[in-house]
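Comments concern the structure below.
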Amino acid sequence: MTDSTTAIVLAAGAGSRFGGGKLLAEIGGRPLLQHVLDAVAEAGITDVVVVLGAEAAAVEAAVTWRGERRVVNPAPDRGLASSLQVGFDAVSQEAGGVLVALGDQPLVSASVIRALLDAPLLDGRAVVVPAYDDEGHGRNPVLIRRPAFALVAETAGDRGLGPVLEAHPELVAEVPVNGENPDVDTGPDLARAIEASWAARVRANREQVDRIREVPDGTDFYAPVNSLFRADPTRTDDPVLDALLRLVLPGDRWLDVGAGAGRFALPIARALDPDGGSVVALDASPSMLESLREIAEDYAIENVETVEARWPPADARGARQYDADVGLIAHVGYDVEDIGTFLDAFETASGRSCVAVLMSRVPASAADPFWPPVHDQARVPLPALPDFLELLRARGRTPETVRIPIEPRRFESRKMVEGFVRRQLWIDPSGPKERRFQAALDELAEEGPDGWTIRGREASDVGVVTWSPPHGGDGS
């Protein structure tokens with residue numbers, strides 16, 4: 001019934017518990033309200049009424065509109081019900097149903113909206129609500145079909161339709177749906193919503209791989225390509241390393257989570273050695289750590305302890321055992337689904353400072369130009385530096401960022417390009433996509449005076465982010 005359905009998006013609240021400006025707070029670079037409007041549009045509803053309040057001018061300027069009709073509630077302090085009634089006044093007589101969505105629920109999905117629209121009318125139940133996996137996420141959005149329009153006149157106060165639907169259970173049909181749809185009323189709510197959005201993107205990225213993969217990852221994903229991650233610990237031409245070395249204090253103990261082959265752990269250890277400092281290099285890849293140990297031996301770097309483990313530890317005690325002055329993550333976290341727990345443990349392990357080195361687009365995105373010609377689809381992007389900064393601020397941190405422009409990644413040979421990209425495509429060398437892959441290499445791998453690059457990759461930069469762990473690093 002999409003064609004005869006109008007959507008009303010309620011966006012007139014003052015957001016006093018949030019401190020104002022709630023609907024303009026961002027997730028993934030888009031205001032909360034934009035997420036809701038985008039979901040409504042994706043679900044196929046074209047007639048949309050947005051009810052605005054005192055912040056109407058700011059919202060008008062910040063949102064990308066598709067032709068949604070905007071109306072202003074002159075008295076939003078009278079509660080949600082007043083906005084609902086203002087919205088219904090703008091609904092045409094031809095509408096067969098009205099979908100009521102809340103502007104502060106940015107995780108609402110188009111699939112849930114479509115499930116409501118597709119629900120059959122049974123036993124006179126003219127109101128359709130979602131039943132989420134987690135019952136704590138309420139029953140929004142709500143689809144009201146014309147026979148139940150009169151219920152809107154019964155609403156009052158700030159709970160909107162809730163009490164009315166409770167009083168008329170015989171009119172309500174529930175549709176089981178997946179996911180969650182929390183309100184964002186406070187700063188911690190925003191942080192949880194960003195974490196949930198981050199997790200959804202990581203899952204979508206992983207599920208895409210599971211759909212197309214022709215080969216398994218193996219026990220050590222990086223074993224075939226760990227040579228790409230080796231670096232000279234005495235190098236002096238790395239501006240990211242220079243930024244990290246400026247953070248080193250005499251006698252420091254650093255924890256490098258996801259240290260890999262020691263690209264940063266080893267030169268930091270060299271800088272710390274004269275004053276008795278040290279580095280703990282933690283990584284889940286045995287081959288990466290073996291490379292790190294080989295390089296450390298070659299350069300007589302002895303103040304590095306390697307730990308083969310995944311992060312985070314099982315509990316806070318496991319994080320505290322590292323007793324680091326500075327925690328470092330470099331190009332780690334992009335694909336971590338439970339990013340909140342990851343950061344809690346990271347902050348717990350870090351006494352004075354937390355440091356993250358992240359790109360505005362994930363390093364693996366260098367292979368993205370190969371996805372359309374090989375897999376007939378674009379790569380689902382993972383969260384990266386802008387999302388990380390959003391999350392830190394929502395968690396109440398005050399990050400400082402040094403942005404460093406970087407040149408496109410260069411490879412010593414076409415063979416190295418092939419090895420790197422193949423790991424990001426999960427294709428079988430003897431499978432049907434191999435020919436397409438080789439043709440894409442011919443098209444996209446370019447040789448220049450300084451090595452090989454990949455044509456068509458989007459520009460990126462690196463951010464060196466520093467922030468103070470809360471309460472001495474207890475993760476609270």
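Structural remarks
- Between Val175 and Arg66, the FRET efficiency estimated from the beta carbon spacing at R0 = 30 angstrom works out to 0.70.
- FRET efficiency, Asp428 to Arg352 (Cβ-Cβ, R0 51 Å, nearest 0.05): 0.60
- Once C-alpha pairs closer than 8 Å and six or more residues apart are averaged by separation and normalised to the residue number of the stretch 200-311, the relative contact order reads 26 percent.
- Stretchable slack from Asp210 to Ala90, in nm (0.36 nm times residue separation minus alpha-carbon distance): 38.6 nm
- Euclidean distance between Cα centres, the stretch 274-353 to the stretch 365-403, Å: 22 Å
- Label positions at Ala300 and Asp134, each projected 7 Å from the Cα along the C-beta direction, are separated by 5.5 nm.
- Helical runs (DSSP H, four residues minimum) scored at -39500 (n - 2.57) apiece and divided by the length of the chain put the mean residue ellipticity at 222 nm at -9000 deg cm²/dmol.
- Protein accessible area in the stretch 129-268, 1.4 Å probe - carbon and sulfur %: 53 percent
- Scanning the chain for GluC sites (Glu not before Pro) lying in DSSP loops with no more than 13 further Cβ atoms inside 10 Å, the longest uninterrupted stretch between such sites is 95-301.
- Two-site FRET efficiency, Glu412 against Asp273, from Cβ-Cβ distance with R₀ of 25 Å, rounded to 0.05: 0.25
- Label-to-label distance, nm, for residues given as Asp338 and Leu121 (7 Å Cα→Cβ offset): 4.6 nm
- Stretching the chain fully between Asp315 and Asp237 yields a gain of 24.2 nm (0.36 nm per residue, less the alpha carbon separation).
- Summing +1 for each Lys or Arg and -1 for each Asp or Glu among the other residues whose beta-carbon sits under 11 angstrom from that of Leu392 gives -1.
- In a DSSP loop and with at most 14 other Cβ atoms within 10 Å, the trypsin sites (Lys or Arg not before Pro) in the stretch 44-124 are Arg66.
- Neighbour cut-off at most 14 other Cβ (10 Å), DSSP loop, trypsin sites (Lys or Arg not before Pro), the stretch 405-476: Arg410, Arg455
- Net lengthening on full extension, Asp217/Asp442 (0.36 nm per residue, minus Cα-Cα): 78.5 nm
- Length-normalised contact order of the chain in % [C-alpha pairs under 8 Å, at least 6 apart]: 13 percent
The values are calculated or read from the model by the stated rules, or taken from the named source; none is laboratory data. None of the values given here were measured: they were computed from a predicted structure. Backbone-built Cβ (ideal geometry, glycine too); neighbour counts: all protein chains shown. With ligands, DNA and RNA removed, areas are computed over all heavy atoms of the protein, side chains included. Shrake-Rupley method; radii C 1.70, N 1.55, O 1.52, S 1.80 Å.
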